[in-house]
Amino acid sequence: MTPGPKPRFAIPILFAVVFIDLVGFGILAPLVPFYVERLGARPELITLIIAAHPLAQSLAMPLWGTLSDRRGRRPVLLASMFGHGAAYLLLGFADSLWLLLAARILSGATSANLSTAYAYIADITTPEERAGAMGRVSSAFGLGFAIGPALGGLLAGGTTMADANLVRPAIAAALFSFSAFLAIFVFLPETRHLAPASTPRPEGTSLLGELGRIAGRPLISRMLIMATVVLVFMAVRESIFPLWANHEHGLNARTLGAMLAWTGTLIAMVQFFGIGWLAGRFGELNLVKGAIVCLMLGWLGLTLAWSVPTLLLAMTIGSFGTAFFQTSMQSLLSKRAGMAERGAVLGVYQSSSAMARFVGQAGAGTLYGQLGANAPFLLGSLAMLPAFAIATQVGRRLKASPLPGDKVG
């Protein structure tokens, strides 16, 4: 069934509002640990507070999904943007660890913008044009992370992190989200009534039953285990890197923001221009293997870096791993899952991704504080060895039972 006529300029407007909101999110990405550190917290507690965001996100996402189906996409998008703006203001002016924790929980609990944007696109596009439309909106995510960190570093200023102004970036991030709120309110109509009728769930099935069937699929379960291992240590690096770079290399807010802007730009460009060709040439599994190797070398390179150029080289290598992994992993899972279980498999992957980020971010400070500054990256490099071994096992099984058109290397 084809959706009804779509609102004029809906996709460009949606691209713009997601981009605006993600610029705000990116502004604070390299700075969040320092809001907590200024209140006297040690690394163990800093990363626990940071990890409240993905934990709240993983718990709230099912509720937002249900609300968007029942009440509409527009109210959920409005609530998400307004919640982000309020969370950023709370973060910027928080004078206690409890208020910082509340800001992180509020930010995570209202992180329904991208998933609801995808649902909005699905309402107004045909299956033939849907992938391209979603790809364009996804690129707004990468572009926001390319511009946001550099802008955040410039707004914070200061020759060292101690004299950086952390209020200005928080206010700017909030203004970006409130601007996105106004754009949705003025320009984006509701679309839930345009969506094709959903297929009813077969009688006698349940979420637990679907999860049980997924766990009983050895190939898919191995892919999910491999992905969880990788994502845990990607989250470890994400949460501890700003503190580590400041403590070990003396990087200030401007330099941190510029470096993260470079990696964000690289990831966005590779995903936008390169992934399709590379997947067609080498296959998704080989890209996943390449991602694991790049992440292992990048994290090891961080421990050996002695200057900003060598640090940037290590980050660049790791960025290729980040760019290859997420897109290729989702494509690989979607191809191997049957039509009846595809939504459940990708749902499990998204849920496990959020929980992996929570575990990685929550544990990063303990690794950093108790085992040494380089321990998070060294352990991440070592963890890629079993991840690569699982990927090799997956490859053998794919060769034994390939789908038509599979490229398994």
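Sorted ascending by nearby beta carbons within 10 Å, beginning with the fewest, Arg168, Arg73 become Arg168, Arg73.
So for Lys289, Lys335, fewest C-beta neighbours within 10 Å to most, what's the order?
Neighbour counts put them in this order, fewest first: Lys335, Lys289.
The calculated FRET efficiency for the pair Ala102 and Leu379, based on their C-beta separation and a Förster distance of 25 Å, comes to about 0.20. Amide hydrogen proximity for Ala373: with H placed 1.01 Å from N in the peptide plane, no residue at 5 or more positions away or on another chain lies under 5 Å. Each of Arg217, Arg70, Arg357 was scored by other Cβ atoms within 10 Å of its Cβ. Arranged with the fewest first, they read Arg70, Arg217, Arg357. Dipole size of the range 207-401 about its Cα centre, with +1 on Lys/Arg Cβ and -1 on Asp/Glu Cβ: approximately 660 debye, rounded to the nearest 20.
First select every other residue whose beta carbon is under 15 angstrom from the beta carbon of Ala314; then total the charges, Lys and Arg +1, Asp and Glu -1.
Numbers: positive: Arg237; negative: Glu238, Glu248.
Charge balance in the 15 Å sphere: -1.
In terms of its Cα atoms, the range 207-401 spans 52, 37, 25 Å along the principal axes, sorted from long to short.
The convex hull of the Cα atoms of the range 8-194, projected and averaged over all directions, covers 10.3 nm².
Highest-first packing order for the peptide set 385-391, 14-20, 265-271 is 14-20, 265-271, 385-391, based on the mean count of other beta carbon atoms within 10 Å.
Estimate the FRET efficiency between Leu63 and Trp277 by the formula 1/(1 + (r/R0)^6), using the beta-carbon distance for r and 45 Å for R0, to the nearest 0.05.
0.70
Here the spin labels are modelled as points 7 Å beyond Cα on the Cα-Cβ line, and at Val186 and Phe9 they lie 1.0 nm apart. For Arg168, neighbours were defined as the other residues whose beta-carbon sits under 15 Å from its Cβ, and their charges (Lys and Arg +1, Asp and Glu -1) total +1.
Just so you know, all these numbers are worked out from the coordinates, no wet-lab data involved. Everything quoted here is computed from the prediction, not taken from an experiment. Note that we place each Cβ from the backbone using ideal geometry, even for glycine, and neighbour counts take in every protein chain shown.
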